Amino acid sequence: MRSPARVLIIAGSDSGGGAGIQADIKTVAAFGGFATTAITALTAQNTLGVRGVLPVPPDFVAQQIAAVLEDIGTDAIKTGMLADGAIIEAVAAAIAGCSAPLVLDPVMVAKGGRDLLDPLALDRLRALLIPRAALLTPNVPEAALLAGIEIENIDDMRRAAGILARAGCGAVLIKGGHLAGDVVRDFLLAGGQEEIFAAPRIATTAGHGTGCTLASAIAVGLAQGVGLSDAVRAARDYVRAALAAGLALGAGHRPLDHSVLGVWSGR
């Protein structure tokens, strides 16, 4: 019997299937891992936007996490949408005794513009989860908000990454897709060492779920014992292939094709 790498996903559900828990599970499976979940919120959404958000009671979020850890266990944890401060507190307490690396994707705003994190919860995120994270994966707007500075170029990304690293996380990956230009650059700061990942921008309408997918792909890499830099590189390759393939579903921000690389399941 096979014992796949286990990844506990703590995030919200996307009824449209392109992001959130749905994207996370597809990604972990594509890399040959096994995804368990603790759902923090239900969303009513499609490719055109988010129509409604229903947070899960914090005690029940914690109960889901405990049920998974007490029986199946985990080799990595990935968080996405956490909705509010009470859920952040519940998650932090529930994973306090777990030594698995945490990939923290600070999901704040949906692709269509709807807030997915209560602005009042930022202090809870900074105090309780960022210091616990092995890797923090904000996009440029999220990094700017968390670091308290404007980000317009690589030098700004470097400065923001330093600020966030000093907040206590093990490493920071700032995703540069929101910056203008034909080349997308992601900035990784880990152990005081910098690495820039650059590739041509892919022109597509199928960009829904890229952040969730990238963070989950990194998490399953770490769960499998892959080094951080190699895990980031493999995750970026997977996301780029899924972006280039895309899916002709919906009239708005369409989903990635998470099944684009069947070979990944044999990695």
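Bear in mind that the values in this text are calculations on the coordinates, not laboratory data. The structure displayed is predicted, hence computed values, not measured ones. As a convention, Cβ positions derive from the backbone with ideal geometry for all residues, glycine included, and neighbour counts pool all protein chains shown.
Quick one: Val226, Val220, fewest Cβ neighbours within 10 Å first, how do they rank?
Placing the least packed residue first, the sequence is Val226, Val220.
Which residues does the label zone of Thr204 cover in the stretch 16-33, counting backbone N under 14 Å from a point 7 Å along Cα→Cβ?
Backbone N within reach: 18-19, 27.
Where in the stretch 90-104 does the amide nitrogen come within less than 20 Å of the point 7 Å from the Cα of Ser3, taken along Cα to Cβ?
98-101
Quick check: from the Cα gyration tensor, does the stretch 105-196 come out rounded (a/c under 1.5), prolate or oblate?
Note, shape of the stretch 105-196 comes out oblate.
Kindly identify the stretch 124-247 as rounded, prolate or oblate by the Cα gyration tensor criterion: order the square roots of the eigenvalues as a ≥ b ≥ c, call it rounded if a/c is under 1.5, otherwise compare a/b with b/c, prolate if a/b is larger, else oblate.
On the way: a/c = 1.70, a/b = 1.25, b/c = 1.36.
It comes out oblate by the Cα gyration axes.
I need Leu82, Leu122, Leu104, Leu48 ordered by Cβ neighbour count within 10 Å, fewest first.
Fewest to most other Cβ atoms nearby, the residues stand as Leu48, Leu122, Leu104, Leu82.
Give the separation of the Cα centroids, the stretch 197-267 to the stretch 1-69, in Å.
If we compute the Cα centre of each part, the gap is 17 Å.
Figure the gain on full extension for Ser259 and His178 (residue separation times 0.36 nm, minus the Cα-Cα span) and round it to one decimal in nm.
26.7 nm
Which of the following values of Cα extents along the principal axes in Å was calculated from the structure shown: (i) 66, 38, 33; (ii) 46, 39, 39; (iii) 53, 46, 34?
(ii)
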